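Below you'll find the structure, written out as structure tokens, and then a few comments.
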Amino acid sequence: MRKMAAAPLYCVCRQPYDVSRFMIECDICKDWFHGSCVQVEEHQAVDIDVYHCPNCHVLHGPSLMKKRKNWHRHDYTEPDDRTRPVQAGTSVFVRELQARSFPSADEILVRMQGHQVTPKYLEKHSFLSPIMVPQLDGLGLKLPPPSFSIEDVEHYVGGDKIIDVIDVARQADSKIKLSEFVKYYYNPNRPKVLNVISLEFSDTKMAELVEVPDVARKMSWVENYWPDDSFFPKPFVQKYCLMGVEGSYTDFHIDFGGTSVWYHVLWGEKIFYLIKPTPGNLALYEAWSSSPNQSEMFFGDKVDKCYKCIVRQGTTLLIPTGWIHAVLTSQDCMAFGGNFLHNLNIGMQLRCYEMERRLKTPDLFKFPYFEAICWYVAKNLLETLKELREDNFQPPVYLMEGVKALTCALKSWLKREVEYEVPDHIKPNNLIKELTKEIRHQELSGGGSCKPMKSQGSGGVWSVTRSTAERGTRVHRMARRLRDHGASRTPSNLDILELHTREVLRRLEVAPFHEDTTLCSRVNGKFKKTSASSTATAGRGLDNDLRLVLCNGLMLDWNGHGIAEPCVTPPPRHVPYSQDELRPLKHLNKNCRARLSQQIQENKNFMDSQGNSSEAWSDNPQNTEISLLPPFHPSKRPASNPPPISNQATKGKRPKKGMATAKQRLGKILRINSHGRFFV
Ligand SMILES: O=C(O)CCC(=O)C(=O)O
Ligand SMILES: [Fe+2]
Ligand SMILES: [Zn+2]
Ligand SMILES: [Zn+2]
């Protein structure tokens, strides 16, 4: 047996490299140090120009800090020559945003009292506009009192919990101990603007203090359809605690998987900028999201109407599927929120999910096991449709439209050459066949021979239970309660919208778009996985990643101009690529080359902005194609620390909130690549 070489040791603690821990390199001795061992937080490292470790400090004095040269760029060391545009999140941006006027959300908001917001109401009236509930009563939302403080959060969640925090002026994400955030919060001279929006606390003591609004719980796919006996834990997206200081800004995004979301402001204030998910707006959003200079363009300016919605203390806001929104924290604020998928806008949810896939959104920002839950839902809805048919009841239009969209999506996922998530006990082709049969039956009967189905309220379609036996009784009980309700068969606009979206996108998109295989893969044993790429080799990652950059960055440009010629036609996915196969890059048209080098530059900037020198990895001009490789040093690690060990039990289950910027998507590429090189 070959003897393993001893792993190199680092830091004052002389430990081997641990990918989950943030490290910083000493510019004198060149050793690497854990941030936690030398009291440097990840978000602080970017402010250090020349780092001196505790040992070198003695002889060489303290570290040298970067000098601020501007207030409007993510990189505050760029010279302030006033030629470069203002970037989102900077203090100049926030000041300008506050001074602008917008159409009032009163034009689109539905104001309701808590007890009125029920599944039944939404089923009847649809859930297409944001709902504002000024008072807590009747929502079933339980919260700590408004005196609940940031310190109290620390008490219930634990100061050692590692949380994601956004450095707003850089729109960059890093990890920090909750206790450090609390210290920062109470510092009268906060050195920067930090925003916490991804603290999901279902597994902490704080969970007991919060009950989500009835309507969200009753409609939630996860609550209703995620099987109790699933090998995997339920996705945790129900309970987020948001803690942001005044001046925090989260740029335009759609919540992951097209989830609907509720927010309650416990104290302080947030301002939401809301944009309707019309097909045109969604197409514009997709183009903007894939633009490399997205942060320099205020998306609100690209659309017809961007509504301003002030959410004051004690107010709850419910945002439906697909609404594009940005959020300004206008006063120090604690808010609670939660996300849920549901039956009312299935088509739109799927459209948002497909958009995330096209945008190569990292898994960390996506709804966990979105496709798996769609299979679970499909199986349940099939039973519902069957039983309604047997009882001679006509399903509501929204449900039939949803089932059609779902069936279409499931079919397309099966056809795809990439991995897919089908829970073990589901026979996908069978399920699709049966769903198609039910849809056809509905279309043929035109609903004519059936009784229209009554809106079902809280015992309704979304709460069909998990076991078939139980489901039977539940549906029958429900059917007996049904009364004529006039669920008409007016044709839905979903297909028309879908066509329109495709058309708009087609007009924008010229370069062929190819899904990447490996990035979509999820490591789990429970789901069936079919993947042409399941035998991926370490070297192979490079090729895929490169291809992805091309697809991601080059798909569209913001001005609506696609790239004039197809850039690279990737070889078939199942063939591992060799270096030679990358040669087509040499024949890229000028636009493509320029764009590629722009992407590479973005990549480098990103590495640099994360405190990782990019020099080591792409200076050789002959290596343009392979310059996406990270350097061979442990600390030249990707964008942000992978989840800490303490989070491993739930890894992948708690999407980070907010949007993945183009840079974060590139960060993901680097992460995958680095795993390919180092850890596979
Ligand atoms: O409060 C914020 O900054 C962002 C809120 C939001 O939209 C989200 O968490 O998805
Ligand atoms: Fe959001
Ligand atoms: Zn250490
Ligand atoms: Zn040193």
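Before moving on, here are some points about what is shown:
- With neighbours defined as other Cβ atoms within 10 Å of a residue's Cβ, the residues Thr407, Thr259 order from fewest to most as Thr407, Thr259.
- Calculated FRET efficiency for the pair Gln331/Thr83, C-beta based, R₀ 35 Å, to 0.05: 0.55
- Calculated FRET value between Asp228 and Ala7, using beta carbons and R₀ = 60 Å, to 0.05: 0.90
- Residue-wise HN-Hα coupling along the stretch 294-300, computed from phi with Karplus coefficients 6.51, -1.76, 1.60 (Hz; x: Gly, Pro): 3, 5, 9, 10, 7, 4, x
- Footprinting exposure proxy ranking of Ser330, Ser445, fewest other C-beta atoms within 10 angstrom first, gives Ser445, Ser330.
- Ranked by the mean number of other Cβ atoms within 10 Å of their residues, highest first, the peptides 99-108, 215-224 fall in the order 215-224, 99-108.
- Efficiency of FRET from Cβ geometry, Lys205 and Leu136, R₀ 25 Å, rounded to 0.05: 0.70
- For the stretch 30-112, the relative contact order comes to 15 percent (Cα pairs under 8 Å, sequence separation of at least 6).
- Label positions at Ala99 and Glu383, each projected 7 Å from the Cα along the C-beta direction, are separated by 6.0 nm.
- Rounded, prolate or oblate (a/c below 1.5 giving rounded, otherwise prolate when a/b exceeds b/c) for the stretch 296-354 by Cα gyration tensor: oblate
- Under-5 Å amide H pairs with Gln313, H placed in peptide plane, nonlocal only: Gly268
- Three-way shape call for the stretch 189-346 based on the alpha-carbon gyration tensor, with the a/c threshold at 1.5: oblate
- The three principal axes of the C-alpha atoms in the stretch 10-164 carry coordinate ranges of 71, 45, 29 Å, sorted with the longest axis first.
- Distance between the 7 Å Cα→Cβ label points at Lys69 and Val50: 1.8 nm.
- Three-way shape label, the stretch 88-231, alpha-carbon gyration tensor, a/c 1.5: oblate
- Of Lys120/Lys218; Lys379/Lys433; Lys183/Lys366; Lys142/Lys308, pairs whose Cα-Cα distance is over 19 Å: Lys183/Lys366; Lys142/Lys308
- Put the Cα centre of the stretch 275-335 next to the Cα centre of the stretch 217-272 and the gap is 16 Å.
- Using the Karplus relation 6.51 cos²θ - 1.76 cosθ + 1.60 with θ = phi - 60°, the per-residue 3J(HN,Hα) values for the stretch 224-234 come to 9, 10, 6, x, 4, 8, 4, 4, 9, x, 4 Hz, with x marking Gly and Pro.
- Highest-first packing order for the peptide set 366-377, 19-30 is 366-377, 19-30, based on the mean count of other beta carbon atoms within 10 Å.
- Backbone amide hydrogens, once placed in the peptide plane, bring Glu211 within less than 5 Å of Lys142, Leu143, excluding anything fewer than 5 places away on its chain.
- For the listed peptides 380-388, 128-136, a ranking on the average number of other beta carbons within 10 Å per residue, highest first, reads 380-388, 128-136.
- Distance between the stretch 127-162 and the stretch 50-125 - C-alpha centres, whole angstrom: 22 Å
- Each residue of the stretch 213-218 was assigned a 3J(HN,Hα) from its phi angle through the Karplus curve 6.51 cos²θ - 1.76 cosθ + 1.60 (θ = phi - 60°); the sequence is x, 3, 4, 5, 5, 5 Hz, with glycine and proline shown as x.
- Relative exposure of Glu354, Glu421, judged by other C-beta atoms within 10 Å (fewest first): Glu354, Glu421
- A cut-off of 5 Å between modelled amide H atoms, ignoring neighbours fewer than 5 places along the same chain, links Val110 with Ile131, Met132.
Just so you know, all these numbers are worked out from the coordinates, no wet-lab data involved. This is a predicted model, so every value here is computed, not measured. Using ideal geometry, Cβ is built from the backbone for each residue, glycine included, and neighbour counts are taken over all protein chains shown.
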